[in-house]
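The values are calculated or read from the model by the stated rules, or taken from the named source; none is laboratory data. Values in this document were obtained by computation on a predicted structure and should not be read as measured data. Neighbour counts run over all protein chains shown; Cβ positions are idealised from the backbone, glycine included. For the accessible areas, the whole protein counts, side chains as well, though only heavy atoms, and no ligand, DNA or RNA atoms are used. Shrake-Rupley method; radii C 1.70, N 1.55, O 1.52, S 1.80 Å.
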Amino acid sequence: MKFLRIFILFFFVTNLMASGSYSFSLINMQMDYREFDANGNILDSEKANSIFGWEIGYTFNLNCDLKRYSSIVLKASEFSGYANYEGAELISGNPTVSSTYENVYDISLAYLEKRKLENFGILYGLEGGYHSWYRELSSNQNELYYWFYAAPTIGISKEIYKNFDIKLLLKYKYALNPKMKANSFSDDFKLGTTSTIELSIPFIYKYNNQVNIFTEYVISQQNIAKSNFVSGYIDGKYYNTIYEPDSTANNQYIKFGFTFKY
């Protein structure tokens, strides 16, 4: 909630300074998360067809003319819901099927520039953010993944019909010092190389000079390399060879929302 308060403060301050826009959208996330052993075999998976979320955003315009448009974009999003878990118990290795609670939070600040050419626009910029993901696998086992990230962005935009625009945006999110905290261990797991490739396709309808209606399709692939070994007690027994394995998350998002300009 601290990040959300900062977002609201930033919104009201910049709203008094110059032109810009703010947006709100509802999002459905389809989730497919898998963990792998050293031989590439699946250890466990979490899948969900629908995890509900929302996103709020604010765009602060910097420069705008016939050939160039630049802006600062601040966004915050949250998802929460349940996924189907298939895997094994942490120590015994016994097969188990259950329902897990998921909560994902992300806040980002980006600089984006658009160069207007004759028939389309070129988009590029840099984004920085903070990402966290809470997994509650059972009443006595929960995990929190968290990291800051940097994300170069490139893309193109095109007016496909009067008042209808389409964009293609590609981001590479590289995590900085990614970690995972588990309730059974006092020390955090230091995750290996963590990155996300994200392709988004927004369709934008310019309803009038103040309001845009948009829908967006996003494909995302997250890769996390295995962590270091961590020691701790589980059910009164000491272990020193516990680690977070390699994992991938192939997620899809569908957004629907509105942008309000001032």
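Being free of Cβ contacts under 8 Å to residues at least 40 places away in the same chain and surrounded by 18 or more Cβ atoms within 10 Å (Cβ to Cβ) is a property that does not hold for Gly87. For region 188-202, filtered to residues that are open to solvent by less than 60 Å² (accessible area, probe 1.4 Å) and more than 17 Å from the chain's Cα centre (by Cα), the residue that is farthest from Pro245 (Cα to Cα) is Asp188.
Within region 26-45, the set of residues being in contact (Cβ under 8 Å) with a residue 24 or more places away in the chain, open to solvent by 20 Å² or more (accessible area, probe 1.4 Å) and assigned to a strand (DSSP E or B) comprises Leu26, Asn28, Gln30, Asp32, Arg34, Phe36, Leu43.
Can you spot a residue in region 127-139 that is among the basic types (Lys, Arg) and over 18 Å from the mean Cα position of the chain (by Cα)?
Our first condition is that a residue be among the basic types (Lys, Arg); within region 127-139, this holds for 135.
Keeping just the survivors that are over 18 Å from the mean Cα position of the chain (by Cα) gives none.
No.
Here's the yes/no breakdown for (1) touching a strand residue (DSSP E or B) at 6+ places or on another chain (Cβ under 7 Å); (2) at pLDDT 95 or above; (3) within 18 Å of Val104 (Cβ to Cβ); (4) among the polar types (S, T, N, Q):
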{"position": "Leu191", "(1), (2), (3), (4)": "yes, yes, yes, no"}
{"position": "Glu198", "(1), (2), (3), (4)": "yes, yes, yes, no"}
{"position": "Asn223", "(1), (2), (3), (4)": "yes, yes, yes, yes"}
{"position": "Phe229", "(1), (2), (3), (4)": "yes, no, no, no"}
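Of the residues Tyr262, Tyr238, Tyr205, Tyr217, the single one that is over 23 Å from Glu35 (Cα atoms), open to solvent by 60 Å² or more (accessible area, probe 1.4 Å) and touching a helix residue (DSSP H, G or I) at 6+ places or on another chain (Cβ under 8 Å) is Tyr262. In the set (1) closer than 20 Å to Asp246 by Cβ; (2) surrounded by fewer than 16 Cβ atoms within 10 Å (Cβ to Cβ), the condition left unmet by Pro152 is number (1).
Among the residues that make up region 53-71, is at least one of them among the small types (Gly, Ala, Ser), over 17 Å from the mean Cα position of the chain (by Cα) and within 24 Å of Tyr134 (Cβ to Cβ)? No, region 53-71 contains no residue that is among the small types (Gly, Ala, Ser), over 17 Å from the mean Cα position of the chain (by Cα) and within 24 Å of Tyr134 (Cβ to Cβ). Taken over region 197-221, the criterion of being of a type in the set (Val, Ile, Thr) and more than 22 Å from Tyr172 (Cα to Cα) is satisfied by Ile204, Val211, Ile213. If you filter region 58-80 down to residues that are without any contact (Cβ under 8 Å) to a residue 60 or more places away in the chain and open to solvent by less than 20 Å² (accessible area, probe 1.4 Å), you find that the one that is nearest to Thr259 (Cα to Cα) is Tyr58.
Pairs linking a residue in region 194-212 that is over 14 Å from Asn163 (Cβ atoms) to a residue that is open to solvent by less than 40 Å² (accessible area, probe 1.4 Å) and outside any strand (DSSP E or B), with Cβ atoms under 8 Å and 6 or more positions apart or on different chains, are Thr194/Ala225.
Residue count for region 128-149 satisfying the condition of being open to solvent by less than 20 Å² (accessible area, probe 1.4 Å) and among the hydrophobic types (A, V, I, L, M, F, W, C): 2. Here Phe148 fulfils each of the conditions (1) among the hydrophobic types (A, V, I, L, M, F, W, C); (2) at pLDDT below 95; (3) more than 22 Å from Ser184 (Cβ to Cβ) apart from (2). Scanning region 162-187 for residues that are surrounded by fewer than 18 Cβ atoms within 10 Å (Cβ to Cβ) and either among the aliphatic types (A, V, I, L, M) or free of Cβ contacts under 8 Å to residues at least 40 places away in the same chain (or both) gives Lys162, Ile166, Leu168, Leu170, Tyr172, Tyr174, Leu176, Asn177, Lys179, Lys181.
Considering only region 242-253, I want to know if a residue exists there that is open to solvent by 20 Å² or more (accessible area, probe 1.4 Å) and on the phi > 0 side of the Ramachandran plot. Checked against the condition, which is being open to solvent by 20 Å² or more (accessible area, probe 1.4 Å) and on the phi > 0 side of the Ramachandran plot, region 242-253 yields no hits at all.
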